[in-house]
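**Student:** Next up is a structure, given as structure tokens.
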Amino acid sequence: MKLRSLIVALAVAIAPVAMHAQTGLYLNPIAMRISNSVADTGTFAFLGSGVKSRMFYGVDMGGYYDFKTPYAFHAGLDVHDSILHSNDAFLNNFLVGVRFSAKPFHNTAWKPYIEPEIGAGSSRAPATTANVTKFEYGIYGGMDYYTHHHLDFRVIELGYSGLRTASSQTIGVSAAVPPAGILTISTGFVFRFP
């Protein structure tokens, strides 16, 4: 009987949080500056032979699930999937992480957020069809602006991640190429479903 009472009490305590959960979906343009401290000069150089950095452009799609609370801060989950191209090279980032958002002032339309994430990045160098998939980590943050009951404007999202991309080392046998540093910027709209 005590277990049943505990389960009922737990359900009553969790129900208000679950009822206020919010889902958001987005499909936005994205730009990434991918940089290496050492230039890869081999046949399978991801950024191009002798190039240390290059801009990539594509689309960022994903969604989040926020557990709303009666407080100004919320926590949830986020899933990112980015597909980018440049110089006949290809990059696909799939990241999953936690999401912390806030509405610092009660009557404000601004909602900042931060998302530490991990996942996998799949890259293909221009001179090959071989994909290399490696562990990736990143941290993203941004600012959403409430425009409508089901629509937010993502004013900006900035991020940094690290990934060992395709290189003459990962595909062939060559000198060591360190993991790339990736700076990300994105903007667009978020469709919300309360």
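The values are calculated or read from the model by the stated rules, or taken from the named source; none is laboratory data. Everything numeric in this text was worked out from a predicted model, so none of it was measured. In this analysis, Cβ positions are derived from the backbone assuming ideal geometry, glycine residues included, and neighbour counts consider all displayed protein chains.
**Student:** Return yes or no: is SER101 in contact with a Leu (Cβ under 9 Å, 6 or more places away or on another chain) and of a type in the set (S, T, N, Q)?
**Tutor:** no
**Student:** Let me ask another. Hey, any hits in segment 46-61 for a residue that's in contact (Cβ under 8 Å) with a residue 40 or more places away in the chain, among the aliphatic types (A, V, I, L, M), in contact with a Phe, Trp or Tyr (Cβ under 8 Å, 6 or more places away or on another chain) and closer than 23 Å to THR187 by Cα?
**Tutor:** no
**Student:** Right, something else. Identify the residue in segment 17-70 that is surrounded by fewer than 16 Cβ atoms within 10 Å (Cβ to Cβ) and basic (Lys, Arg) and, among all such residues, is modelled with the highest pLDDT.
**Tutor:** Out of the qualifying residues, it is ARG33.
**Student:** Quick test of your reading of the structure: GLY188 fulfils all but one of (1) free of Cβ contacts under 8 Å to residues at least 12 places away in the same chain; (2) on the phi > 0 side of the Ramachandran plot. Name the failing condition by number.
**Tutor:** Result: GLY188 passes all but (1).
**Student:** Would you point out the residue of segment 167-194, among those that are over 13 Å from the mean Cα position of the chain (by Cα) and in a strand (DSSP E or B), that is modelled with the lowest pLDDT?
**Tutor:** PHE193
**Student:** Please work out if GLY97 is under 19 Å from the mean Cα position of the chain (by Cα), over 16 Å from ASP144 (Cα atoms) and crowded, with 17+ Cβ neighbours inside 10 Å.
**Tutor:** In short, yes.
**Student:** Let me ask something else. Test of understanding: among ASN87, ASN92, which residue is at pLDDT 95 or above and among the polar types (S, T, N, Q)?
**Tutor:** On inspection, the qualifying residue turns out to be ASN92.
**Student:** Assuming TYR160 fulfils every condition listed in (1) of a type outside the set (Gly, Ala, Ser); (2) modelled with pLDDT under 90; (3) over 18 Å from LEU25 (Cβ atoms); (4) exposed (fewer than 15 other Cβ atoms within 10 Å of the Cβ) apart from one, which condition is it?
**Tutor:** Result: TYR160 fails condition (2) only.
**Student:** Another question about this same structure. From the residues in segment 111-143 that are charged (D, E, K, R) and modelled with pLDDT under 95, which one is farthest from the chain's Cα centre (by Cα)?
**Tutor:** ARG124
**Student:** If I filter segment 175-194 down to residues being within 17 Å of ALA39 (Cβ to Cβ) and of a type in the set (A, V, I, L, M), which single residue comes out as surrounded by the fewest Cβ atoms within 10 Å (Cβ to Cβ)?
**Tutor:** It comes out as ALA176.
**Student:** Just for segment 138-166: of the residues that are part of a strand (DSSP E or B) and of a type in the set (D, E, K, R), which one is nearest to VAL177 (Cα to Cα)?
**Tutor:** GLU157
**Student:** Another one. Could you run through segment 39-70 and say how many residues are part of a strand (DSSP E or B) and either out of contact with any Pro (no Cβ under 7 Å at 6 or more places or on another chain) or charged (D, E, K, R) (or both)?
**Tutor:** Selection size over segment 39-70: 14.
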